[in-house]
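Q: The structure's right below; bear with me while I get my questions together.
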Amino acid sequence: MSWAASTVTLSVLSFLLTTGNLTKAFVVPSSAATARRASRALATGARQAAGGGAGRPSGPPIGKKSKNGVGKSARRVLPPPDKLAGPASNSYLERKERVEKQNWKSFGKAAGAAGKASGKRKGGSSGGSGEDGRGGTASGMAKVLGPPEGDQLQCPHFAECPGCAVDRAFDNTPIMSEASSFCDTQMALAARAKLGSRGEADAPRYSIHLGNPHGWRTHAKLAVAPTGKYGGVRLGLYKAGSHSVVAIPNCKVHHPAINEAVEVLTKAATKARITGYSEDRMEGMLRYVQASVERSSGKVQLTLVWNAEDYRGATPHLQLLVKELRARAPDLFHSIWANFRTGPGNAIFSRNAHAWHRCAGPEFLKEAAVPGGISFSFSPALFRQANLDQFGRIVEAVREWTPNGAAVCELYAGVGLLGLSVADKAEWVRCSDVNAANPRAFARARERLAPDVAARTTYQALSAVDAVEEGEADGATCIIVDPPRKGLDAPVLASLRERAGSMTGAVRRIIYVSCGFDALKNDAVALAEGGWRMVHSEGHVLFPGSDHIETVAIFDR
């Protein structure tokens with residue numbers, strides 16, 4: 001390189017450093033294509049230097065429109081609605097188009113290349129745990145690798161671990177921008193239908209609630225892999241599209257007690273000569289592990305998924321491992337369970353009621369959804385939220401939007417957490433869900449209510465479709481639904497759309513708790529065709545680090 005060329009290059013690099021564009025341009029070419037991209041980045045910087053132009057700003061100021069057409073203040077709980085700028089009249093399709101035009105897949109990757117070049121980061125593919133949306137692959141978002149100085153997650157496993165897709169800006173991912181755009185539009189349409197153009201201008205805005213990004217996960221399922229022929233296990237998450245386990249012993253989103261349990265189990269398995277399960281050879285002892293933390297005590301309810309038909313088939317290795325666990329950490333474990341599962345497939349647990357065995361400790365751990373609220377009992381066979389701290393804010397929103405004196409039907413109820421949380425202000429509450437283990441947990445929680453309140457609550461082990469068909473919603477004025485990611489079952493949605501003559505004909509308010517935004521979009525459009533209007537919506541980041549949002553949407557008719 002000539003002296004003159006070197007001088008020009010140094011000038012360009014100096015400019016990029018002062019304007020904040022160095023991380024976008026400084027990449028290490030690993031192929032001809034990346035070399036060409038690096039050259040174009042340097043050339044762009046040179047043109048900006050020659051023209052005196054400044055680098056692209058980091059983002060619009062609060063209250064202004066961002067590139068996707070959604071005001072940043074509309075996506076965060078900051079200023080009151082009357083101070084939010086920008087018209088609410090943009091159609092959903094126009095705003096959605098702006099979101100889709102953004103190159104989200106490459107967001108932050110150039111900066112990540114700089115980190116990779118300096119040895120601070122390594123490349124990795126995104127993935128997820130599958131059941132609760134922790135990973136980015138559920139929505140197709142590529143992992144974002146930014147410069148280390150902006151890392152808010154501070155997790156040593158981020159580059160390799162499939163569990164998290166972003167390590168910063170946890171409340172501003174693609175799905176959250178789309179949720180904001182869609183819900184803002186739906187609420188504006190509802191306001192216009194009621195009050196005309198004046199109502200549209202004053203329509204409420206979608207807000208996003210974000211909790212602590214560290215230590216929030218109090219419920220985790222981990223895969224197990226063998227580390228040696230004669231014992232030893234590795235616990236972690238599957239790499240995307242494979243059964244190769246990535247160990248995450250110092251995971252920053254795990255509750256500290258879960259990381260401690262993983263360390264104790266790993267050492268105990270080596271001592272007891274427990275082998276991890278090999279998917280390829282379909283042999284080994286320990287297949288999966290579930291760890292659930294009781295927040296009040298900090299103790300762990302541990303479940304060992306064992307490659308055996310029953311307790312006898314796991315003898316004596318299971319007993320040896322349990323003994324070693326209790327000896328190593330006598331105050332760590334609330335209880336230790338085994339679930340016996342054999343054969344191929346991706347299911348973690350065997351759902352056979354006889355596949356469970358309690359090896360040590362009490363049957364249930366206790367958790368209150370909100371401080372000072374009713375305590376619920378959870379065995380390892382029951383569904384529970386991974387982020388109970390943030391889910392408590394969803395419970396508070398459901399209570400706020402449940403009308404006083406309403407007759408409430410909760411479908412997809414789990415153990416009845418939402419329904420029982422509003423029972424004191426309702427005329428009556430009927431809960432239902434398909435899991436046959438739920439009624440016992442519901443009954444234990446119900447006993448903690450005042451007698452007159454408990455008398456107004458019931459539970460049926462029925463699917464949502466069967467519950468509606470059997471009249472559980474008959475006479476209800478408010479329905480609470482918390483469906484799985486696929487959204488409302490078609491017969492339930494059809495019944496809610498009917499204006500009269502259906503089993504849900506008396507319902508005047510739907511409180512929809514969504515864990516799958518794509519399904520919520522489809523259901524919201526279908527409900528609008530039946531005369532329902534979205535009057536309120538808010539987002540909750542239950543899995544910071546992932547491209548996932550849970551939404552509470554209120555529909556009135």
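Q: Of the listed peptides 351-364, 408-421, 462-475, what is their order by residue-averaged count of other C-beta atoms within 10 Å, with the highest listed first?
A: 408-421, 462-475, 351-364
Q: Another question about this same structure. Tell me, what is the per residue accessible area of segment 219-363 in Å², probe radius 1.4 Å?
A: For segment 219-363, the per-residue accessible area is 46 Å².
Q: Sort 513-519, 316-322 by packing, meaning the average of other beta carbons within 10 Å per residue, with the highest value first. Walk me through the numbers on the way to the answer.
A: Numbers: 513-519: 20.6, 316-322: 18.0.
Averaged packing, sorted descending, gives the order 513-519, 316-322.
Q: To continue, here is another question. At 20 °C and 1.002 mPa s, grab the translational diffusion coefficient of segment 424-539 from Stokes-Einstein with a Kirkwood Rh over Cα pairs, rounded to a whole number in µm² per second.
A: 141 µm²/s
Q: Taking segment 149-228, which trypsin sites (Lys or Arg not before Pro) meet the DSSP loop condition and have no more than 16 other C-beta atoms within 10 Å?
A: Hits after loop and neighbour filter: 168.
Q: How much of the DSSP bridge set in segment 219-363 is antiparallel, in percent, rounded to the nearest 5?
A: On the way: 25 of 34 bridges.
Here the antiparallel bridges make up roughly 75 percent for segment 219-363.
Q: Test of the criteria: in segment 233-292, which trypsin sites (Lys or Arg not before Pro) are in a DSSP loop and have at most 13 other Cβ atoms within 10 angstrom of their Cβ?
A: The qualifying sites are 281.
Q: Still on this structure, please answer the following. Hey, can you rank 343-350, 255-262 by average C-beta count inside 10 Å, highest first?
A: Highest to lowest by the protection proxy: 255-262, 343-350.
Q: Compute the signed sum of charges (Lys and Arg +1, Asp and Glu -1) over the other residues within less than 14 Å, Cβ to Cβ, of residue 271.
A: That works out to +3.
Q: Exceeding 31 Å between C-alpha atoms, which entries from my cross-link table qualify? They are 252/425; 229/323; 239/366; 366/521.
A: Check vs 31 Å cut-off fails for 252/425; 239/366; 366/521.
Q: For segment 219-363, what does the relative contact order come out to in percent, with C-alpha contacts under 8 Å and a separation of six or more?
A: Relative contact order for segment 219-363 comes out at 21 percent.
The values are calculated or read from the model by the stated rules, or taken from the named source; none is laboratory data. In this text, all values refer to a predicted model and were calculated from it rather than measured experimentally. No Cβ is skipped: glycine too gets one built from the backbone with ideal geometry, and neighbour counts run over all protein chains shown. Protein only, heavy atoms only, side chains kept; ligands, DNA and RNA dropped before computing areas. Shrake-Rupley method; radii C 1.70, N 1.55, O 1.52, S 1.80 Å.
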